[in-house]
1. Taking the radius of gyration and the Kirkwood hydrodynamic radius from Cα positions alone, what is the Rg/Rh ratio for segment 396-451, to two decimal places?
2. Tell me, what are the semi-axes, in whole angstrom and largest first, of the equivalent ellipsoid of segment 351-442 as set by the roots of 5 times the Cα gyration tensor eigenvalues?
3. What net charge is computed for the residues neighbouring Gln634, neighbours being all others with C-beta under 9 Å from the C-beta of Gln634, Lys and Arg scored +1, Asp and Glu -1?
4. Using the Cβ atoms and a cut-off under 11 Å, what net charge is assigned to the surroundings of Ala116, where Lys and Arg are +1 and Asp and Glu are -1?
5. I need the Debye-formula profile for segment 545-680: one equal scatterer per C-alpha, no solvent, reported as log10 I(q)/I(0) at q = 0.17 1/Å, two decimals.
6. Can you tell me, using C-alpha contacts under 8 Å and at least 6 residues apart, the relative contact order of segment 539-680 as a whole percent?
7. Convert each backbone phi in segment 371-376 into a coupling constant with the Karplus relation 6.51 cos²θ - 1.76 cosθ + 1.60 (shift: θ = phi - 60°), then list the ³J(HN,Hα) values in order as whole Hz, x for Gly and Pro.
8. Taking amide H atoms as placed 1.01 Å from N in the peptide plane, list the residues 5 or more away in sequence, or in a different chain, whose amide H sits under 5 Å from that of Val387.
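The values are calculated or read from the model by the stated rules, or taken from the named source; none is laboratory data. Remember, it's a predicted structure, so these values are computed and weren't measured experimentally. In this analysis, Cβ positions are derived from the backbone assuming ideal geometry, glycine residues included, and neighbour counts consider all displayed protein chains. Ligands, DNA and RNA are stripped out before the accessible areas are found, and what is left, the full protein with its side chains, is counted by its heavy atoms. Shrake-Rupley method; radii C 1.70, N 1.55, O 1.52, S 1.80 Å.
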Amino acid sequence: MPVDAPYGSWPSPITADVVLAAAVSLSQVAAGEDDLWWDELRPAEAGRVQVVRHRPGGGAVDVLPEGFSARTRAHEYGGGAWWLHQDTLFVCNAADQRLWRIEPDLEPVPLTPEPARPGGDRYADGCSTADARWMVCVRERHGEPGTEPDNELVAVLAHPGRDAAGHPLDPPPPVVLVSGPDFVSFPRVSPDGRRLCWTQWDHPNMPWDGTELWVAELSDGDDGIALSGARRVAGGPEESIFQPSWSVTGDLLFVSDRSGWWNLQRLPAGVLTDAGSAGSAPAAEVIAPIDGDVATPQWVFAMSRYVELADGRLLLAVTRDGLDVLAVAVGDGSPPRILDTPFTALSAVTRFGDGAAAVAAGPDREPSVIAVDVAADPDAPPVVADVRPPRDLGIDPAWWSRPEPISFPSTGGRTAHALWYPPTNPEVSAPGGEHPPLLVLSHGGPTGMARPQLQLNVQYWTSRGFGVVDVNYGGSTGFAAYRQAARRAGGGRRRRGLRGRGRAPRRHRLGRRRPPRHPGRQRRGLHDAVRPHLRRRAQVGSSLYGVADLELLATETHKFEARYLDRLVGPYPEQRQTYLDRSPIHHTDRLDCPVIVFQGLEDEVVPPSQAEAIVAALRSKGLPVAYLAFEGEQHGFRQAANIRRVLQAERYFVSTILGIELAEDEVIEPVPIDNLPAVG
C-alpha cells in the first residue's frame, strides 16, 4: 500500500551506487571478419575506454591490454579513437596519444613516433588502404604552447617491420596527405583503393555550419603513398556535409543539409570521374528524402548514422521532432520507410553481416549494442537482437518515469519543445494539494538534443519526487527551424510558458541543473541564472564546468571551438560589447540564487578560472555557494567516484537550499556550503 511522503523526500532504490554499478557509455561499433566490436567507457575503471570483441557463440572479451585506453584528444572531444582492418585493431592510446596496432597473442606495436611534445600528436578517424599497407587518419599536431595545432590527413605505415631479433623497428614519420584546411575529418578510401574522400572546413565555421567534401586520386607504390587531382565535389561555407562513404559500386554517398534537413545524397562514380577542377562541384542527387535529420552535429570523430546493406538498400537513423527512428531506403529518390522498433535514440550505425548493428536506446531501456536484419518484404518487421544488452538493474519498470513530449510558446511567436518526466514512485502517494519541486535541464549544445532514453541520473530525481523538464531549446538537433535560428541568433530562447503548461505552478520550487560539454551549453546555463525572468523563479542552480566569461572563452579555448562563438554571439573583438553583455561574470549584481559549481581541473575547453570567477562572485554577494573541483577530470567527468560525488552533492545542495529532508535511508556526505544561513 503506497504511503504519503513529501515530494523530494521519497525513498528510492535508485541510489548513486545503482546509477554507477557496471555503468558504461557506448560510442563506436565496428564489424570484423565475423565478429562485432564496440567500445565501453567504464567509470569504474577510472574512465578507461575498453574495446570489446564479441565472437558468435563465444561471448564478449576485452581486447586492450593493461595500460591501454582507446581515447584520442583530437578536437579535445575525441571520437574515432580506434578502427579495424579485418580483425586487427588500430587504436590511439589515451596515455601517449600514439597510434598502435594490436593483434591477438602479440605485443602491441607503436605505429607513430614519440612526439616532440608529450601527447602532442593525436590520431583519430582512420581507415585502411585496400592492401592494408597504410592507415589514413586525422592527425592533430600540437606545437609550442600558445600556438594553434595543425590538423592534417596523414598516412601511417601499418607494418613498420622488425629487426633481426624480431623486435619492432622504430616507426617512420607519417606521410602528410592533406594540409592547409583548419580542420579535416572522415577520410575514407574507395573499395578499389584508387580514391580518397574527406571533409574539411575552416574558421569561423563549425562542421554543422559549412563543410566541403573533397575527392583525390590515391596512389600507393614503391615511391610511397600520395594524392593527386584533389577537387571539391560538394559543400561550401553555408552547406554542412556529414559522413561520406563509398558504395560497393564506387558511388560517393554523403549527408547534406542543402534542403534544410540533413538528407542522404549520392554522386555517381561516373560523375566523379568527369568532375572538373577543384573550383567546381558536380550536382548530387537526393536519394532518400525525408523531413528529418540523418546527421547529428559532428562534435566527435567517426560518427555514423547510415549504412549500405549487403543487398544495396540503405539503413538510416533519422531524427524527427526530437526522436530517432530507423528507416530503410532503396536509394532511388523515394522516401525511406520507417521501421517499427522500440528505439528513440540511435547512433554508430554500421554494416554487420547481411544486416547492420548500432547503439540503440529507448524510454525504458538504456543504450545497448543491437544487430538488425531488415527483410525485403515491407510488411515484415525488422529482426532485432541485443548483442551487448542493457545492464540488468534488478529494478521493477514501474519505477521508470517515462518522458512525455510537451510544447510551449517561446519568444518571437516560436514554439519550444521539451521532455517532461513526472515524479514516479510505486511505493509513495503524492501529498494532496502540493506540487513537486521542478528540475529544469538544458542539454548540450545549442546543437544537441534532449535524449528520450532511460537515464538513471534523471530517474534518481524523479523517483525521489522531483519533476524534471529536459528542454529542447533553440538550435536543438531534429528541429530544422531551431538549428537555422541558432546560426542567426545564438540559439534562440526557451522556457517561457512552462508555467502555463501546468507543469510548474507558482508554488513549485524551481532548480536549474546543467551538465554542459560545449560552450553553447555552458553559456546558456549560467546566463539563464542571471536573466531577469529567472530571478523571480529559480531558487537554486547547479553548473557543471560552465562558462562565466564569454570573452575568455573566445580568447583562451582550444582550436576546435576557438571561433564557435562567431555565429552564436558575433565576431570577436568587433562585437566585444555583446560578449560582455552576455557574460554572467559582468552581471553578478543579478545573481540572487544559491549555486553549486563543479569543475575538472584539467579542463582545456573551459578552464577552471571560469568556475572560480563565478564562485568568487557568489561568495562576495553573500549567496550560498559550493564549489567542488576534481583532479584528473577534463571536460566531462569520467571517473566513478567523481560522478557519484557530483550526483550526491547536487542532491544534498538542492535539498539543503529548498528545505527538503532526505529519505531516512539516504546517507550522503555533506557538502561545504559558504554563506549558508544558520538554522534555528
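1. Numbers: Rg = 14.6 Å, Rh = 13.9 Å.
Checking Rg against Rh, the ratio lands at 1.05.
2. On the way: eigenvalues 247, 96, 28 Å².
Ellipsoid semi-axes (Å, largest first): 35, 22, 12.
3. On the way: positive: Arg73, Arg638; negative: Glu76, Glu602, Asp603, Glu604, Glu633.
Residues close to Gln634 contribute a combined charge of -3.
4. Working: positive: Arg117, Arg141; negative: Glu114, Asp121, Glu144.
The answer is -1.
5. -0.99
6. Details: 198 pairs, mean separation 37.9, N = 142.
Reported as a whole number, the value is 27 percent.
7. These are the phi-based 3J(HN,Hα) values: 10, 10, 10, 10, 5, 5 Hz.
8. Under 5 Å from the amide H of Val387 lie the amide H atoms of Val369, Ile370, Ala371, each far enough along the sequence or on another chain.
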